[in-house]
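The values are calculated or read from the model by the stated rules, or taken from the named source; none is laboratory data. These numbers were taken from a predicted model, which means no experiment stands behind them. Cβ sites come from the backbone with ideal geometry, for glycine too, and all protein chains shown count toward neighbours.
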Amino acid sequence: MDEKNTYIRAGRYDTPATELFHLSQNPSSRIRVRVAENQATPQVLLEELSTDSNEDVRIAVGGNPSIPFHVLMRLAFDEHVDVRFSLAENHCINILALLCLAGDENPFVSQRALKTLQRVALGRRSDLKRKDDSPDLTVKMKQANPKLRSLGLNPRAVYPAC
């Protein structure tokens with residue numbers, strides 16, 4: 001398969017998981033980025049790609065709506081500032097990750113996360129409490145309530161998904 005067809009297959013929703021696995025091992029970071037962007041990529045592969053040596057691949061994983069929460073939180077503490085900044089400007093990620101990024105040591109990341117939280121406060125979100133969330137999320141939200149209120153977010157509100 002030539003690179004153009006490989007790139008197309010890496011981004012197709014109907015590409016089988018086994019082929020996505022092989023494509024995620026491709027030496028070309030461009031192909032691995034495309035696999036990381038694909039919403040059909042299994043969460044196990046997203047977890048593996050979140051540790052890729054190329055920051056563009058990790059950024060692509062952070063932008064995938066299928067990203068598992070624990071992988072999202074790992075990326076929120078990524079060593080590369082561009083990965084964290086990319087997450088900080090994504091208004092569709094979990095608010096808890098944005099709160100972590102608002103406390104980032106890099107002022108650009110923290111300010112971007114605060115702006116994104118303010119933008120989210122003007123809109124509506126639903127990822128605060130879902131049926132499939134762990135019981136620990138309720139405890140975490142109680143701890144985050146004062147911070148949410150200081151940003152103009154209503155911690156008791158139910159916000160629709162992005």
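Could you check how many residues of region 43-53 are part of a loop (DSSP other than H, G, I, E, B) and either modelled with pLDDT under 95 or crowded, with 16+ Cβ neighbours inside 10 Å (or both)? Explain how you work it out, then say what you get.
First, pick out the residues of region 43-53 that are part of a loop (DSSP other than H, G, I, E, B): 50-53.
Those still in the list that are either modelled with pLDDT under 95 or crowded, with 16+ Cβ neighbours inside 10 Å (or both) too: 50, 52.
Number of matching residues: 2.
Might you check whether a residue that is more than 29 Å from GLY123 (Cα to Cα) and either in contact with a helix residue (DSSP H, G or I) (Cβ under 8 Å, 6 or more places away or on another chain) or in the same structural domain as LEU122 (by TED's automatic domain parsing) (or both) occurs anywhere in region 93-106?
Step one: list which residues in region 93-106 are more than 29 Å from GLY123 (Cα to Cα), which gives none.
Scanning region 93-106 turns up no residue that is more than 29 Å from GLY123 (Cα to Cα) and either in contact with a helix residue (DSSP H, G or I) (Cβ under 8 Å, 6 or more places away or on another chain) or in the same structural domain as LEU122 (by TED's automatic domain parsing) (or both).
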Subset of region 85-126 [under 14 Å from GLY62 (Cα atoms), of a type outside the set (A, V, I, L, M) and part of a helix (DSSP H, G or I)]: PHE85, SER86
Failed condition for ILE67, given (1) within 21 Å of ALA40 (Cα to Cα); (2) assigned to a helix (DSSP H, G or I); (3) of a type in the set (A, V, I, L, M): (2)
Per-region count, region 8-41, residues within 20 Å of GLY62 (Cβ to Cβ), of a type in the set (Gly, Ala, Ser) and in a helix (DSSP H, G or I): 5
The listed residue being in contact with a helix residue (DSSP H, G or I) (Cβ under 9 Å, 6 or more places away or on another chain), within 25 Å of ARG12 (Cβ to Cβ) and either assigned to a helix (DSSP H, G or I) or modelled with pLDDT of 95 or more (or both), out of ARG58, ARG74: ARG58
Complete set of residues in region 61-119 that are more than 10 Å from the chain's Cα centre (by Cα) and hydroxyl-bearing (Ser, Thr, Tyr): SER110, THR116
Filter pass, GLU89 being free of Cβ contacts under 8 Å to residues at least 24 places away in the same chain, surrounded by fewer than 20 Cβ atoms within 10 Å (Cβ to Cβ) and assigned by TED's automatic domain parsing to the domain that holds ALA121: no
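When you go through ASN145, ASN106 one by one, which is the residue that is surrounded by 13 or more Cβ atoms within 10 Å (Cβ to Cβ) and modelled with pLDDT of 90 or more?
On the way: ASN145 fails: modelled with pLDDT of 90 or more.
That would be ASN106, the only listed residue that is surrounded by 13 or more Cβ atoms within 10 Å (Cβ to Cβ) and modelled with pLDDT of 90 or more.
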